[in-house]
1. Filter segment 102-126 for residues that are buried (at least 19 other Cβ atoms within 10 Å of the Cβ) and polar (S, T, N, Q) and give the result.
2. Would you confirm whether or not segment 325-346 contains a residue that is under 30 Å from Leu582 (Cα atoms) and not hydrophobic (A, V, I, L, M, F, W, C)?
3. Out of segment 357-391, which residues are without any contact (Cβ under 8 Å) to a residue 60 or more places away in the chain, under 20 Å from the mean Cα position of the chain (by Cα) and assigned to a loop (DSSP other than H, G, I, E, B)?
4. Return the only residue of Lys226, Lys236, Lys166 being touching a residue at least 60 places away in the same chain (Cβ under 8 Å), of a type in the set (D, E, K, R) and over 30 Å from Asn264 (Cβ atoms).
5. Restricting segment 108-118 to residues that are in contact (Cβ under 8 Å) with a residue 60 or more places away in the chain and in contact with an Asp or Glu (Cβ under 9 Å, 6 or more places away or on another chain), which is nearest to Glu602 (Cα to Cα)?
6. For residues in segment 405-443 being outside any loop (DSSP other than H, G, I, E, B) and of a type in the set (D, E, K, R), which is nearest to Ala377 (Cα to Cα)?
7. Is it fair to say Gly511 is over 19 Å from the mean Cα position of the chain (by Cα) and modelled with pLDDT of 95 or more?
8. Name the pairs: first residue in segment 192-205 and in the same structural domain as Tyr253 (by TED's automatic domain parsing), second residue β-branched (Val, Ile, Thr) and buried (at least 21 other Cβ atoms within 10 Å of the Cβ), Cβ to Cβ under 8 Å, at least 6 apart or on different chains?
Amino acid sequence: MEMRNYKRISRVPSLPLRRFRPLLFLPFCLAVPSPLPAYEATLTTQDVEGALENTRLNEVFNQYLATVQMFDPERATRMGVHSSDTALTQRTDERVTRQIEALTRLRTKLHEINKAAMYPALQADYNLLDRMLEVDIYELGSRDSLRRRPQYYLDPLFSVYQLLFKDFSDYNSRASAAISRLRQFPLVLDQAERNLFHPPRIWTEQAIRQTEEAISGIPDFVSLLKGYTKYDPVLKMQLDETIEKTKTALVRYRNFLREQVLPNSDGEFKSGEYAYGFYLERWHGLKMTPGAAFRYAKRSFKTSMKDLEREARAVDSLTASEKGWHVVLANLPTEHPGAGEVIKNFQDEIDRAYQHFDEYKVVEFPKQRLLITKMPAFMTVSFPYVYFAEPFPLDDIKVSELYLSLPSDKLSEAAREKALASGFNYARVELLIAYDIMPGMHLRSYSADANRSRIRKVASQPVITNGWACYAELLAEEMGYYSSYWSRFLRIYVRALRAGRALVDTGLHTGRMDHSEAVAFFQENFHMSGGQAQSEVLRISMSPTESLSYIVGMDRILAMRKYYRHSEEKYFDLRNFHSSFLRQGKLPIADIESELRRLRKEANKLVK
């Protein structure tokens with residue numbers, strides 16, 4: 001049964017928006033003495049009231065950042081708030097309870113602001129902050145990460161790595177903070193032993209694998225800290241002791257998961273119909289029920305599979321007709337750079353993408369640093385094999401990273417060759433560059449940073465980030481970036497796969513599909529092995545609605561582009577459309593649509 005109404009915390013009703021009289025007419029008014037005092041009084045009152053409410057919104061947001069910093073230092077670091085970089089988030093019930101209380105009071109204070117008196121763009125910020133607070137409160141109170149997510153206790157390792165790798169301040173300060181967090185990490189694992197209670201089995205199994213990779217990946221941290229300790233034998237001794245304690249704590253945690261948690265891992269990972277609907281409405285801002293989302297994903301999957309079959313026939317008609325599209329995919333050329341040349345190949349291809357799109361002038365040029373590096377071992381279990389990490393949003397110095405999961409030297413030569421051929425062949429690299437870098441996530445991150453709203457910078461909006469990355473793959477094809485027709489075939493295959501993931505996402509979390517049916521879906525429709533299919537379902541199980549966000553985001557961007565291309569006709573400028581869209585930052589997609597309409601109306605008035 002579809003749920004159309006989701007419980008909301010009451011809020012102050014909106015008041016009608018009062019329009020300001022433009023300053024353009026002020027000289028005319030000065031020529032008419034009698035109404036001048038009344039006009040000035042009205043204008044001043046409106047301006048002052050709006051400015052006061054804007055100031056109050058800024059105060060609430062500052063208090064929000066302070067609250068996050070106090071209760072969740074790891075998240076504060078990811079936001080670019082660094083006053084608590086030496087501390088780790090405490091995984092205790094008391095902390096969660098106090099954080100919920102603080103956020104609830106803050107949301108009540110937000111609702112005391114007269115939104116109608118604010119400037120239109122700041123009204124969008126108000127709505128966004130309200131959604132952020134509501135989602136934070138819901139997740140802290142309902143997701144129960146302390147008991148259900150064994151991976152949650154391994155997150156500090158990534159926060160330590162980011163402190164060392166991100167170049168947002170001087171190296172010594174970051175290294176000192178990283179060591180401080182590393183010292184506290186065993187205490188976090190002790191908290192796990194007190195908190196974990198009947199998590200989902202597939203989550204426990206994944207946490208065990210992740211812990212094993214972390215144990216073997218400890219040298220990654222030592223190498224990053226060499227510059228901090230090499231001239232101080234005391235510091236080096238303290239670091240060696242900290243590393244040894246960390247490794248001992250990880251071994252203990254792995255054994256705890258294996259021996260005590262895994263046998264009792266019978267918890268449910270499905271979010272449920274209510275939670276799924278809550279995320280659709282309050283996180284993503286979509287007017288879509290869980291049932292409507294399921295039907296949307298189902299239609300998209302059917303359409304995408306037809307497109308895939310059609311493209312396979314265009315590439316190799318005989319093979320596609322006799323054996324199917326998956327055999328055409330298996331025949332994809334596997335030429336690839338050597339293991340030691342992959343990073344250089346990515347850099348060369350990125351440079352080519354920059355030049356290509358700069359020539360076509362359909363997007364901005366991303367003037368933001370990008371580092372390409374091998375993915376550390378502890379990340380390989382829980383991250384995609386090519387992972388783009390955008391800068392901390394509130395940092396002054398912005399540096400993005402692209403992590404590549406290169407095959408381990410411990411693998412046989414045949415296994416390494418297979419991994420390189422499937423993941424880093426030249427056609428696939430082109431698609432990865434378009435998705436992650438140019439004109440994909442890296443460009444989106446740079447362009448969105450032009451928006452001065454700090455609220456939009458720290459928000460999380462997968463429909464925008466994931467949707468733009470998928471759209472970027474299509475844009476790259478339209479602009480002639482791909483050098484091989486196989487890249488187009490891969491793009492259409494990936495679109496079908498994402499639609500399949502969206503269908504499993506909506507079906508699995510709303511009870512329309514169980515775990516075994518979800519695994520069978522990927523095996524039957526995408527010819528995956530059992531292990532590959534289970535990995536797909538695991539990822540989807542941990543992030544309800546995210547897989548849906550890819551196809552919804554891309555479809556909505558394409559719909560917007562089609563609308564403005566039709567309505568503006570010969571005046572339509574593709575570069576201007578892209579810039580206007582991206583510079584709205586991380587607003588819900590519906591709010592970006594509203595903002596673009598408002599801005600165009602204002603622009604038309606100025607022209608007239």
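The values are calculated or read from the model by the stated rules, or taken from the named source; none is laboratory data. All figures in this text were calculated on a predicted structure; none of them were measured in a lab. A quick note on method: Cβ atoms are made from the backbone with ideal geometry, for glycine too, and the neighbour counts reach across all protein chains shown.
1. Gln123
2. yes
3. Met375, Phe383, Pro384, Tyr385, Glu390
4. One residue alone meets the criteria, Lys166.
5. Within segment 108-118, the match that is nearest to Glu602 (Cα to Cα) is Met118.
6. Ranking the candidates gives Arg416 first.
7. When the stated conditions are applied, Gly511 passes them.
8. Leu196/Val261; Pro199/Val261; Ile202/Val537; Thr204/Val261
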